[in-house]
Amino acid sequence: MARDLGVMWEEDLCDFLDVTEGMGRLQSVLHEAIGPQVGHGQARPGCRILLAAAPGETHTHGLQHVGGLLRDAGCETAFVEGNGPDPLAALIGALETGWYDALGLSLACDVHSSALRRAMPALRRASRNPTLRVVVGGALVARGGAEPDLWGADACLTDPALLTPVHSAV
């Protein structure tokens, strides 16, 4: 549905209000589907993950879905809301105050690539975990921009379906 809205937007078949309303409804359905009831039982040790949109990025629908998949796989997930006045400061603050095994960043378009590249050293320095693993995913990566070195990341996730086998085997 989200992809269909994107295509309709690109083809001028709907306007900003239509996309905003549609995505709001999708977010509501997603929240109901993967809300607090997800992640039955205790989280596995070594599976504490912080998820956030890349600095400047506003597309978070897929990130919420990935968070649900990770919780279903037994990981403890936390989200950084990037809609404040300084999203990078919020992300750095979360890394400074919590211990995370991995940081997952979502990147939808190339416009924010350079900001993510510039922010990566600060993100790694801010982490309380000196061996923090950084994974970049999102629409840009899924379209073929899967080069972790481009952003100073450890890996790229091209398909959220890959999460299930990876985490169930751990």
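Summary of computed values
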| item | result |
| --- | --- |
| Residues within region 80-107 that are part of a loop (DSSP other than H, G, I, E, B), crowded, with 19+ Cβ neighbours inside 10 Å and not hydroxyl-bearing (Ser, Thr, Tyr), tallied | 2 |
| Residue that is surrounded by the most Cβ atoms within 10 Å (Cβ to Cβ) [pool: residues in region 45-67 that are modelled with pLDDT under 80 and small (Gly, Ala, Ser)] | GLY62 |
| Counted residues, region 119-146 - those being within 17 Å of the chain's Cα centre (by Cα), without any contact (Cβ under 8 Å) to a residue 40 or more places away in the chain, under 20 Å from THR97 (Cα atoms) and part of a helix (DSSP H, G or I) | 3 |
| Sole exception among (1) closer than 16 Å to LEU150 by Cβ; (2) in contact with a Ser or Thr (Cβ under 6 Å, 6 or more places away or on another chain) for GLY67, by number | (1) |
| Unmet requirement for THR77, which otherwise passes all of (1) assigned to a loop (DSSP other than H, G, I, E, B); (2) at pLDDT 65 or above; (3) crowded, with 16+ Cβ neighbours inside 10 Å | (1) |
| Output for region 96-111, where each listed residue is more than 13 Å from ARG128 (Cβ to Cβ) and either of a type outside the set (Gly, Ala, Ser) or free of Cβ contacts under 8 Å to residues at least 40 places away in the same chain (or both) | LEU105, LEU107, CYS109, ASP110, VAL111 |
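A quick yes/no check of all residues on (1) hydrophobic (A, V, I, L, M, F, W, C); (2) outside the structural domain of ALA52 (by TED's automatic domain parsing); (3) under 17 Å from HIS59 (Cβ atoms):
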{"residue": "ALA94", "(1), (2), (3)": "yes, no, no"}
{"residue": "GLY98", "(1), (2), (3)": "no, no, no"}
{"residue": "LEU105", "(1), (2), (3)": "yes, no, yes"}
{"residue": "ALA108", "(1), (2), (3)": "yes, no, yes"}
{"residue": "ALA115", "(1), (2), (3)": "yes, no, yes"}
{"residue": "ALA122", "(1), (2), (3)": "yes, no, no"}
{"residue": "ALA139", "(1), (2), (3)": "yes, no, yes"}
{"residue": "PRO148", "(1), (2), (3)": "no, no, no"}
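The values are calculated or read from the model by the stated rules, or taken from the named source; none is laboratory data. None of the values given here were measured: they were computed from a predicted structure. Ideal geometry is used to build each Cβ from the backbone, glycine not excepted, and the neighbour counts take in all protein chains shown.
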